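Okay, so here's the structure we're looking at.
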């Protein structure tokens with residue numbers, strides 16, 4: 001991991017931003033994007049794709065990334081906008097906003113499997129969270145941020161188990177949607193595809 005950064009450092013490019021998202025495939029709540037700029041030529045041991053780390057390890061890495069990062073930007077796009085413009089456009093919007101929130105202007109942006117609108121030179125990397133340290137760091141920040149939001153959302157809409165499954169389409173989650181009906185914060189565009197039993201899903 002870090003090959004892409006090493007190539008850019010060799011060209012004299014120091015401020016490299018990594019961008020990733022969490023919650024793209026969930027049935028509930030926001031999609032969260034994070035952008036992280038790490039110090040040039042610094043490797044943080046243990047950084048990996050957030051999906052490969054235990055929750056405890058992710059939390060520890062999150063704290064270390066926040067302590068060592070030059071800059072971090074985080075952006076959320078909610079379910080209403082996701083339904084309005086579709087999940088891909090919502091993800092790209094959140095990613096762009098996360099970059100715009102940085103306190104430093106990146107010289108180059110590495111993005112996990114997406115292209116984002118903006119003036120920055122960028123590269124989209126398939127499986128970027130496994131190949132780029134900056135993207136992996138962003139994946140951890142996005143995942144931990146969204147997981148913490150899920151704890152709050154559990155209180156907002158109790159009974160669906162959001163804190164446990166993070167809004168994804170588990171059997172329990174689907175069952176509770178059918179029993180209770182969707183909450184105001186479920187993604188209607190997703191429910192129509194996953195749960196054809198729900199004929200009318202309109203926002204409250």
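Just so you know, all these numbers are worked out from the coordinates, no wet-lab data involved. Quick caveat: nothing in here was measured; it's all calculated off a predicted structure. So basically every Cβ, Gly included, is an ideal-geometry build from the backbone, and we count neighbours across all protein chains shown.
Points to keep in mind about this one:
- Residue exposure proxy: 30, 48, ordered by other Cβ atoms within 10 angstrom of their Cβ from fewest to most, comes out as 48, 30.
- Helix 171-180 vs. the chain, principal-axis angle (Cα, 0 to 90°, nearest 10): 50
- Ranked list, fewest to most other Cβ atoms within 10 Å of each Cβ, for 166, 52: 52, 166
- Between helix 133-156 and the chain there is an angle of about 30 degrees, using the helix long axis and the longest principal axis of the Cα atoms.
- Inter-site label distance for residue 60 and residue 41 at 7 Å from Cα along Cβ, in nm: 2.9
- Residues 195, 27, ranked from the fewest to the most other C-beta atoms within 10 Å, line up as 195, 27.
- In the chain, the DSSP-assigned H stretches of four residues or longer account for a calculated mean residue ellipticity at 222 nm of -13500 deg cm²/dmol, using -39500 (n - 2.57) per stretch and the full residue count as denominator.
- Helix 55-68 axis, angle to the chain major axis (alpha carbon atoms, nearest 10°): 40
- The calculated P(r) of the chain, using every Cα pair and 5 Å bins from 0, goes 1, 8, 16, 19, 18, 14, 10, 7, 4, 2, 1, 0 in percent.
- When DSSP beta bridges are restricted to pairs lying wholly in the chain, around 65% turn out antiparallel.
- Mean Cα-pair separation over length for segment 3-155, i.e. relative contact order, pairs under 8 Å, 6 or more apart, %: 36
- Ellipsoid fit via the Cα gyration tensor, segment 103-177: semi-axes of 32, 14, 11 Å, each the root of five times an eigenvalue, largest first.
- Residue list for segment 82-106, given a label point 7 angstrom along the Cα-to-Cβ vector of residue 194 and an amide N cut-off under 19 Å: 82-92
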